[in-house]
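The values are calculated or read from the model by the stated rules, or taken from the named source; none is laboratory data. Note that the structure is a prediction, hence the values are computed from the model and not measured. In this analysis, Cβ positions are derived from the backbone assuming ideal geometry, glycine residues included, and neighbour counts consider all displayed protein chains.
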Ligand SMILES: Nc1ncnc2c1ncn2[C@@H]1O[C@H](COP(=O)(O)OP(=O)(O)OP(=O)(O)O)[C@@H](O)[C@H]1O
Ligand SMILES: [Mg+2]
Ligand SMILES: [Zn+2]
């Protein structure tokens with residue numbers, strides 16, 4: 001392929017609205033262009049890399065026994081109404097009406113659509129198990145699209161849905177997907193950690209996310225280097241000892257605390273430690289107030305609280321709501337005497353003895369508050385945040401924390417959708433049964449962006465061979481030099497039979513060509529320049545190394561083969 005025939009609109013400067021390196025580089029290297037917030041076009045170079053990721057995903061899904069299909073991107077609202085998700089999906093799901101006034105949805109995910117296909121096509125245990133997947137467009141009206149294709153609104157996802165006759169079958173499919181995912185990311189040159197993930201308010205089932213460790217990752221992960229425990233903080237648990245004190249329960253009493261509100265101010269005021277306090281926070285769970293209680297030295301994890309409350313949406317209540325629920329301004333809330341509101345207590349609360357908490361009156365606190373005696377709760381649950389330094393739940397050593405980008409997600413769904421949509425098959429004995437489901441997603445564009453986030457330098461992208469838009473870039477330094485051009489063209493022709501080769505035939509200064517070469521990051525660069533004129537040698541340089549080798553044509557072709565084979569083999573090694 002000739003550079004002059006391509007469309008590679010490289011940029012010299014960092015685009016203004018790009019915050020992270022992969023986003024800047026994808027724009028600067030001419031891989032993508034923005035058309036509106038969260039909407040991007042993949043240009044020729046970017047699309048070539050995207051197709052490579054797609055192909056790796058497809059090969060590994062196929063070899064794990066999954067079957068590719070192509071359902072429509074648009075789904076009818078009816079299906080969403082069957083599972084109740086038409087009301088709970090929120091604004092990420094874009095709804096519209098067609099000309100006949102039918103309600104439709106731009107598919108943000110396809111559990112309903114795939115379940116419907118299986119409902120209509122699978123009738124016997126003989127048809128199961130089946131694992132169907134698509135590599136297709138998704139639309140999610142993200143509240144804050146950012147970081148380019150990393151979090152955009154329209155994107156390509158591989159999503160698979162497995163249907164099994166029983167739990168053992170689901171476990172087998174789940175493990176097959178887990179293995180396939182590890183291979184997929186490895187082949188893309190990405191380092192990922194499978195991390196325990198939140199299973200939502202459905203609970204019970206297993207879920208893991210595949211995380212690319214990265215400073216710019218939006219997920220926070222805790223990991224134990226001792227035993228390997230690793231979990232998204234949305235669901236991580238910590239080992240804690242709640243010492244049961246033998247202290248006698250003292251009489252509850254009021255204590256004036258003028259303008260003393262925060263835990264820091266209170267610990268100073270009472271000359272005690274934060275773990276003696278009960279923090280009382282008012283949230284809105286699907287619009288209704290819920291009070292969360294947590295020990296003063298801990299923070300509430302909103303995902304855990306949301307699950308414990310069985311809510312779809314959760315947010316901290318505003319000042320006015322706090323006053324309405326507690327009768328006091330923010331800073332003086334407490335559980336004693338609260339009426340007509342759900343109270344969810346963290347597991348750190350019941351063991352407390354003679355604790356301090358707000359009195360639901362301005363400038364007043366209560367001391368010697370005893371859970372159970374002085375107040376009750378609807379539910380005690382683990383709703384606490386886990387941080388670096390907290391102890392591993394498996395081996396009690398301190399946990400480390402790091403940020404990660406979620407590139408994939410596997411999830412045991414259970415019977416949620418097959419129950420709601422009444423999917424029936426006949427088992428061996430002719431009895432009606434429902435299949436059990438799993439679902440498995442990979443963001444194809446996000447995977448590609450993550451590769452760049454993990455593999456670049458100050459000059460540009462460093463593509464792994466496996467997903468590089470081209471394997472080799474040939475740079476004739478002076479296109480007006482007939483001998484150089486002739487040699488470059490000959491090389492281009494002979495290498496193109498085995499590799500994807502781009503030749504920079506532009507009449508540009510060498511500096512411009514080399515800068516663009518570094519920016520677009522093709523793994524192997526072959527320069528036809530000074531040393532060719534002097535001694536018939538080509539200059540071979542790899543994007544990920546500073547070294548240069550000078551080789552005659554035969555040696556060069558041999559060396560390129562070694563480099564290519566070696567790098568590709570590395571992606572498939574266990
Ligand atoms: N807005 C997006 N832009 C690009 N890729 C996305 C986006 N949302 C999700 N993905 C990709 O699709 C995969 C499967 O979707 P899933 O519903 O599990 O994501 P999610 O939990 O909503 O992700 P996130 O927490 O980042 O919003 C994700 O692992 C990710 O790779
Ligand atoms: Mg999301
Ligand atoms: Zn551990």
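Values as computed for the structure displayed
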| quantity | calculated |
| --- | --- |
| Test result for residue 179, out of contact with any strand residue (DSSP E or B) (no Cβ under 9 Å at 6 or more places or on another chain) and either surrounded by fewer than 17 Cβ atoms within 10 Å (Cβ to Cβ) or in a loop (DSSP other than H, G, I, E, B) (or both) | yes |
| Residues that are in contact (Cβ under 8 Å) with a residue 60 or more places away in the chain, over 30 Å from residue 199 (Cα atoms) and buried (at least 16 other Cβ atoms within 10 Å of the Cβ), drawn from the stretch 262-305 | 266, 270, 276, 277 |
| Tally, over the stretch 397-430, of residues that are part of a loop (DSSP other than H, G, I, E, B) and more than 18 Å from residue 118 (Cα to Cα) | 5 |
| Selected residue (only one of 355, 333, 311 is under 35 Å from the mean Cα position of the chain (by Cα) and within 25 Å of residue 386 (Cβ to Cβ)) | 311 |
| Residue in the stretch 176-186 that is within 14 Å of ligand 2 (Cβ to nearest atom), on the phi < 0 side of the Ramachandran plot and at pLDDT 95 or above present | no |
| Conditions (1) in contact with a helix residue (DSSP H, G or I) (Cβ under 9 Å, 6 or more places away or on another chain); (2) part of a strand (DSSP E or B); number of the one not met by residue 312 | (2) |
| Any chance residue 196 is in the same structural domain as residue 50 (by TED's automatic domain parsing) and closer than 13 Å to residue 407 by Cα | no |
| Counted residues, the stretch 203-262 - those being under 30 Å from residue 20 (Cα atoms) and out of contact with any helix residue (DSSP H, G or I) (no Cβ under 6 Å at 6 or more places or on another chain) | 24 |
| Any chance residue 336 is in a loop (DSSP other than H, G, I, E, B), surrounded by fewer than 23 Cβ atoms within 10 Å (Cβ to Cβ), more than 16 Å from ligand 2 (Cβ to nearest atom) and in contact (Cβ under 8 Å) with a residue 40 or more places away in the chain | yes |
| Whichever residue in the stretch 369-396 is in a strand (DSSP E or B) and away from ligand 3 (no atom under 14 Å from the Cβ) and, among such residues, is surrounded by the most Cβ atoms within 10 Å (Cβ to Cβ) | 369 |
| Entirely in the stretch 474-544, the helices (runs of 4 or more DSSP H) that have 2 or more residues that are modelled with pLDDT of 95 or more | 482-496, 510-520 |
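Residue-wise test of (1) surrounded by fewer than 17 Cβ atoms within 10 Å (Cβ to Cβ); (2) within 16 Å of ligand 3 (Cβ to nearest atom); (3) in a strand (DSSP E or B).
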| residue | (1), (2), (3) |
| --- | --- |
| 155 | no, no, yes |
| 159 | no, no, yes |
| 162 | no, no, yes |
| 190 | no, no, no |
| 215 | yes, no, no |
| 222 | no, yes, yes |
| 243 | yes, no, no |
